[in-house]
Amino acid sequence: MGETIRGGEMTTGSRIRALRESRGMTQRQLAERAGCTDAAIRNYEAGRRALKGSALDAIAGALGVAPEALMPVQAESARDALELLFRIEEEFGLRPVGGGRLAVAPGAEKAPKLAAAIKAWESQVDALDRGEITPEEYESWKMGIGGC
């Protein structure tokens, strides 16, 4: 079987498996909904086949998530993470506000959507901390947040 965790992060295959299982679906059911074979799903989950293009869109759609939720994000160093933050600043107005904190600049065009998404995230973290949801439910929520 393919590698499940790479550098502390779930692989695309393990993300597909986790979402499929959290939805109570078999590989065959996912394949039928995505318009591919169950062998293809097995290969994606095992990391023997790269998921991209229309297959990525079809599987994400069948799982009810944004395609981005299935793809790993490469941030292996503080510099990598900072580059991601710079990109978020450019697109959504996320800015440092002092004390190591970040805030959404209200004047940015996409700021309202990001602010709403962060509030939803905060709510889920609070629910996790209070024991109202399990870590698995939290991970499933993170992967299914598409549409923001």
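The values are calculated or read from the model by the stated rules, or taken from the named source; none is laboratory data. Just so it is clear, the structure is predicted and the values come from calculations on it, not from any experiment. So basically every Cβ, Gly included, is an ideal-geometry build from the backbone, and we count neighbours across all protein chains shown. The accessibility values were calculated without ligands, DNA or RNA, using every heavy atom of the protein model including side chains. Shrake-Rupley method; radii C 1.70, N 1.55, O 1.52, S 1.80 Å.
Of the numbered conditions (1) exposed (fewer than 15 other Cβ atoms within 10 Å of the Cβ); (2) among the small types (Gly, Ala, Ser); (3) farther than 25 Å from residue 24 by Cβ, residue 131 fails exactly one; give the number of that condition.
Of (1) exposed (fewer than 15 other Cβ atoms within 10 Å of the Cβ); (2) among the small types (Gly, Ala, Ser); (3) farther than 25 Å from residue 24 by Cβ, only one is false for residue 131: (3).
What number of residues in the range 94-115 are under 22 Å from residue 73 (Cβ atoms), open to solvent by less than 70 Å² (accessible area, probe 1.4 Å) and more than 21 Å from the chain's Cα centre (by Cα)?
Final tally of qualifying residues: 2.
Quick check on this structure: which one of 137, 91, 83, 122 is in contact with a Lys or Arg (Cβ under 9 Å, 6 or more places away or on another chain), of a type outside the set (Gly, Ala, Ser) and not in a loop (DSSP other than H, G, I, E, B)?
Only one candidate passes the filter, namely 91.
Checking the conditions here, which among 17, 79 is out of contact with any Gly (no Cβ under 8 Å at 6 or more places or on another chain) and closer than 22 Å to residue 144 by Cβ?
Answer to the check: 17.
Residue under question is residue 114, and the condition is that it be more than 20 Å from residue 18 (Cβ to Cβ), in contact (Cβ under 8 Å) with a residue 24 or more places away in the chain and out of contact with any Pro (no Cβ under 8 Å at 6 or more places or on another chain); does it hold?
Judged against the criteria, residue 114 is a match.
Working only within the range 65-80, note down all residues that are without any contact (Cβ under 8 Å) to a residue 60 or more places away in the chain and either aromatic (Phe, Trp, Tyr) or assigned to a loop (DSSP other than H, G, I, E, B) (or both).
Selection gives 71, 74, 75, 77.
List pairs: first in the range 123-148 and modelled with pLDDT under 95, second among the β-branched types (Val, Ile, Thr) and open to solvent by less than 40 Å² (accessible area, probe 1.4 Å), Cβ under 6 Å, 6+ apart or cross-chain?
As it stands, the answer is 143/65; 144/65; 146/65, since those pairs meet every condition given.
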